[in-house]
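The values are calculated or read from the model by the stated rules, or taken from the named source; none is laboratory data. In this text, all values refer to a predicted model and were calculated from it rather than measured experimentally. Methodologically, a virtual Cβ is constructed for each residue, glycine included, from the backbone with ideal geometry; neighbour enumeration extends over all protein chains shown. Remember, those area values only see protein heavy atoms, side chains included, never the ligands or the DNA or RNA. Shrake-Rupley method; radii C 1.70, N 1.55, O 1.52, S 1.80 Å.
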Amino acid sequence: MASQPFKSVAGQRGSSIDIHVPELADVLAPWRNPTLGIATLGVPPHISLLYPWQTPPLTIRDVEVVRAAVVGFTAFPISFSTIRRFSPTVLYLALDDDSGVKALMQAMRRAFPAIQPYGGQIADPIPHLTVAKAQTDAELDQLEREMLSAFGVRLPMAYQVEQIVVMEEGLGGQWRDFASIRLGVSG
């Protein structure tokens, strides 16, 4: 299913609820940093659970609602074996099994029913980790060839999801972790 990239509202600060995969920061940097503006604004490689979320500034109460939504979730493994496209502009790492991530996304939707993922622009988001964007098909083809060549020896890449992270965009556009919520910890 092809998807269009989300367009945020200019001038509004954002926040998100994510799964961070910081272990991939150095591996993805050659493609992610020059093509994704957020990569240099404090946002590590991640899988979005709910974006955009609340308008900053966030509060402890906001975090407590997220924490309550994930009670009962425990740590789980994720792995990436393939690079795919949201045609025509985005390359992403696809999850081998997205059921755990989808369950967390659904928990966020239940906790915040008035907030549509990606501002309602993407009806049924595919859990993924964006690695690069391009302006043309030719650029995307080149990025994909480079990544496949570099990742060939690294795939599959497996990680353990032990927490989710609430991020907030600051006044200067830099993002920061506002709160981390460990999975498997009761309310």
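Of all accessible surface on the chain at a 1.4 Å probe, what whole percent is carbon and sulfur? Mind showing how you got there, number by number?
Working: 4900 of 9360 Å².
With neighbouring chains kept in place, the figure for the chain is 52 percent.
Please state the charge dipole magnitude for the stretch 1-149, taken about the Cα centre, from unit charges on C-beta atoms (+1 on K and R, -1 on D and E), reported in debye and rounded to the nearest 20. Walk me through the numbers on the way to the answer.
Working: 12 positive and 14 negative charges, 107 e Å.
About 520 debye.
Once you list every other residue whose beta carbon is under 14 Å from the beta carbon of ASP18, what net charge do they have if Lys and Arg are +1 and Asp and Glu are -1?
Numbers: positive: ARG176; negative: GLU162, GLU168, GLU169, ASP177.
Counting the neighbours of ASP18, the net charge comes to -3.
Starting from the amide H of LEU49, placed 1.01 Å from N in the peptide plane, find each other amide H under 5 Å away whose residue is 5 or more places distant or on another chain.
For LEU49, the qualifying residues are ILE17, ASP18, ILE19.
Rounded to the nearest whole Å², what accessible area per residue is found for the stretch 50-187 with the 1.4 Å probe?
Details: 7030 Å² over 138 residues.
About 51 Å² of surface per residue is accessible.
So what is the relative contact order for the chain, in percent, with contacts set as C-alpha pairs under 8 Å and at least six apart? Could you put the intermediate results ahead of the total?
Working: 327 pairs, mean separation 63.2, N = 187.
This gives 34 percent for the chain.
With unit charges on the beta carbon (Lys/Arg positive, Asp/Glu negative), name the residue among THR89, ALA75, PRO52 whose Cα is farthest towards the positive pole of the charge dipole of the chain.
Result: PRO52, furthest along the dipole toward the positive end.
In the chain, if the dipole is taken from +1 on Lys/Arg beta carbons and -1 on Asp/Glu beta carbons about the Cα centre, which of LEU171, ILE19, VAL101 is farthest to the positive end?
About the Cα centre, the residue reaching furthest to the positive side is LEU171.
Can you classify the stretch 103-156 as rounded, prolate or oblate using the Cα gyration tensor, where a ≥ b ≥ c are the square roots of its eigenvalues, rounded means a/c under 1.5, and otherwise it's prolate if a/b beats b/c and oblate if not? Present the calculation step by step, with values, prior to reporting the outcome.
Details: a/c = 5.29, a/b = 1.96, b/c = 2.70.
It comes out oblate by the Cα gyration axes.
Per DSSP H run of n ≥ 4, the term is -39500 (n - 2.57); total these for the chain, divide by its residue number, and report the mean residue ellipticity at 222 nm rounded to 500 deg cm²/dmol. Before the final figure, lay out the partial values.
Values: 4 runs with 49 residues, N = 187.
Rounded to the nearest 500, the figure is -8000 deg cm²/dmol.
Using the Cα centre as the reference, give the magnitude of the dipole from point charges on the C-beta atoms of the stretch 102-147 (Lys, Arg: +1; Asp, Glu: -1; all else neutral), rounded to the nearest 20 debye.
Working: 5 positive and 6 negative charges, 98 e Å.
Once rounded to the nearest 20, the dipole reads 480 debye.
Mind listing the phi-derived Karplus ³J(HN,Hα) values for the stretch 39-50, rounded to whole Hz, using 6.51, -1.76 and 1.60 with θ = phi - 60°, and x for any glycine or proline?
So the Karplus estimates, Gly and Pro as x, are 5, 9, 10, x, 9, x, x, 7, 10, 6, 9, 7 Hz.
Let me check I've understood the local charge: for VAL161, count other residues with C-beta under 12 angstrom from its C-beta, Lys and Arg +1, Asp and Glu -1. What total comes out? Write down the numbers at each step before the final one.
Numbers: positive: ARG182; negative: ASP18, GLU23, ASP97, ASP98, GLU162.
Surrounding charge for VAL161 is -4.
Ordered by residue, what ³J(HN,Hα) values in Hz, to whole numbers, does the stretch 94-106 give under the Karplus form 6.51 cos²θ - 1.76 cosθ + 1.60, where θ = phi - 60° and Gly and Pro are x?
Computed from phi, the couplings for the stretch 94-106 are 8, 6, 5, 9, 9, 5, x, 5, 4, 4, 5, 4, 5 Hz.
What does the charge add up to near LYS102, with Lys and Arg as +1, Asp and Glu as -1, over the other residues with Cβ less than 15 Å from its Cβ?
On the way: positive: ARG109, ARG110; negative: ASP18, ASP96, ASP97, ASP98, ASP124.
Its environment carries a net charge of -3.
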